[in-house]
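Scroll down for the structure; my scribbles are underneath it.
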Amino acid sequence: MTLARPPYDLTRLRERIPLVKSVVPMNHCSQAPQTDETRAAAERYLDSWNGDGMDWDVWISEVEAARASFARLIGAEADEVGVFSSVSHATAAVASCVDRLAERAGRRTVALTEAEFPTVAHVWKAREARGTPLRWIPVDPVAGRVHEEAVETALDDDVLLLSAAHGYYQTGALLDLERVANAARHAGVLTYVDAYQSLGTRPLDVKAAGIDMLASGNLKFLMGIPGIAFLYVRREIAETMDPAVTGWFGRADPFAFDNHRSRALDWGVGARRFDSGTPPILPAYIARAGMDLLLETGLEPIGQWTKTLAGRLITGGLDRGLDLLGPDDPSNRAPTVAFRVADSHAVETFMRARGVLPSARGPAIRLAPHYHSTLDDVDRALDLLAEAVG
Ligand SMILES: Cc1ncc(COP(=O)(O)O)c(C=O)c1O
């Protein structure tokens, strides 16, 4: 669907994002701009720290509120969400469970796509060095995406877990999650989805899609900052997992101060067992504010507008003779649209100097608007990119 304007008050929204007064942020695939709400959330933490010295109960309740907002965003329960400092950390915790899961399931292989962000692939490679066989699912270099058929063919009866990025960080292409999760379920394979490049741009319901595990950080389309990430694990599965990446917050009672010398570890409820050390409190304040902004507008209208923006980037880019990398259908992609250029970092410097923030990655410049972006923003970014390469 192509809209002339979003089904919400764009002017009012943009008033809450000071950066848009001076530049055009088109780098959501890297970092979201600050909003009045995220700034106020950071200040609330600083005021609490400065005013009270320490208010542990309030700080932990903020972490809980952030956990609950993430759960709402993906259609899960708060008890199905673990709190981490990064997606790497979350992936490492999941990977620390695979040996025991493999023993029980009689399957050992982890299938992963070549579209994984390298940090996720690196965690699996570290597992490979400890005996977990890996099966790589290719990216089609012409289409700039992983084909769902390739995922389906990779899932035989030795595959324990499928690790799949929803949005490909290089091109913005989306994998059809419902389709691959369905194939995985029929093949008896667990699914672990990295949704960092898509979450916040359109509705995503982990239950409806039938996903077992899903991770994301907050600094891209979730309007937050680095230092926090969340992991959804379907409750029934969480309770069969015993992460070796753990700590006191993963216990049934973190404040029991018991070394369990003579008995086995106990575990927090559901995916709370994946919590580990002192949670990222300041990032939790900000993350919650960012996620609540999205929830206030609603992911359905956000998705309608981000699709319109992606469509304008694609048609506008092709009209200007730019070399599109990745699918040309706005409905199966994140709003991130990539164009192949000779020197992506030089192009980024050129555009930044002229007031548009793109994101260089390898052979491409990525233009990643979000729900606050206008069609004029998109046109301005494309004009500058065409000037830079022309
Ligand atoms: C898809 C995806 N996954 C993971 C990461 C990195 O995750 P973290 O730094 O939180 O480990 C990124 C960062 O750009 C990403 O795009």
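The values are calculated or read from the model by the stated rules, or taken from the named source; none is laboratory data. Since the model is a prediction, treat every value here as computed from it, not as a measurement. We place every Cβ from the backbone using ideal geometry, glycine too, and count neighbours over all the protein chains shown.
Looking across region 15-33 at every residue that is surrounded by fewer than 20 Cβ atoms within 10 Å (Cβ to Cβ) and hydrophobic (A, V, I, L, M, F, W, C), the one that is farthest from the ligand (Cβ to nearest atom) is identified as Val20. Of the numbered criteria (1) surrounded by fewer than 18 Cβ atoms within 10 Å (Cβ to Cβ); (2) in a helix (DSSP H, G or I), the one Pro283 fails is (1).
If you go through region 250-271 one residue at a time, do you hit one that is closer than 17 Å to Ala78 by Cβ, away from the ligand (no atom under 15 Å from the Cβ), surrounded by 24 or more Cβ atoms within 10 Å (Cβ to Cβ) and at pLDDT 95 or above? Reasoning before the result, please.
Applying the first criterion (closer than 17 Å to Ala78 by Cβ) to region 250-271 yields 250, 252, 254, 267-271.
Checking the rest, the ones that are also away from the ligand (no atom under 15 Å from the Cβ) come to 250, 252, 254, 267-271.
Then drop every residue that is not surrounded by 24 or more Cβ atoms within 10 Å (Cβ to Cβ), which leaves 271.
Now narrow it down to the ones that are at pLDDT 95 or above: 271.
Yes; the residues of region 250-271 include at least one that is closer than 17 Å to Ala78 by Cβ, away from the ligand (no atom under 15 Å from the Cβ), surrounded by 24 or more Cβ atoms within 10 Å (Cβ to Cβ) and at pLDDT 95 or above.
Do we find that Ser163 is crowded, with 24+ Cβ neighbours inside 10 Å, within 14 Å of the ligand (Cβ to nearest atom) and more than 29 Å from Thr38 (Cα to Cα) in this structure?
So Ser163 fits the description; yes.
Ser331 falls short on exactly one of the conditions (1) surrounded by fewer than 19 Cβ atoms within 10 Å (Cβ to Cβ); (2) touching a Cys at 6+ places or on another chain (Cβ under 9 Å), and that condition is (2). The condition (being at pLDDT 95 or above, assigned by TED's automatic domain parsing to the domain that holds Ile365 and crowded, with 20+ Cβ neighbours inside 10 Å) is satisfied by just one residue among Leu318, Leu313: Leu313.
Conditions (1) in a helix (DSSP H, G or I); (2) assigned by TED's automatic domain parsing to the domain that holds Asp156; (3) aromatic (Phe, Trp, Tyr); (4) more than 13 Å from the ligand (Cβ to nearest atom), marked per residue:
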site: Ala68; (1), (2), (3), (4): yes, yes, no, yes
site: Arg72; (1), (2), (3), (4): yes, yes, no, yes
site: Ala76; (1), (2), (3), (4): no, yes, no, yes
site: Gly82; (1), (2), (3), (4): no, yes, no, yes
site: His89; (1), (2), (3), (4): yes, yes, no, no
site: Ala93; (1), (2), (3), (4): yes, yes, no, no
site: Asp99; (1), (2), (3), (4): yes, yes, no, yes
site: Ala102; (1), (2), (3), (4): yes, yes, no, yes
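Give the residue that is nearest to Ala289 (Cα to Cα), with candidates limited to residues of region 191-247 that are outside any helix (DSSP H, G or I), among the charged types (D, E, K, R) and away from the ligand (no atom under 11 Å from the Cβ). Per the stated criteria, the residue is Arg202.
Total residues in region 361-376 satisfying the condition of being surrounded by 20 or more Cβ atoms within 10 Å (Cβ to Cβ) and in a strand (DSSP E or B): the figure is 5.
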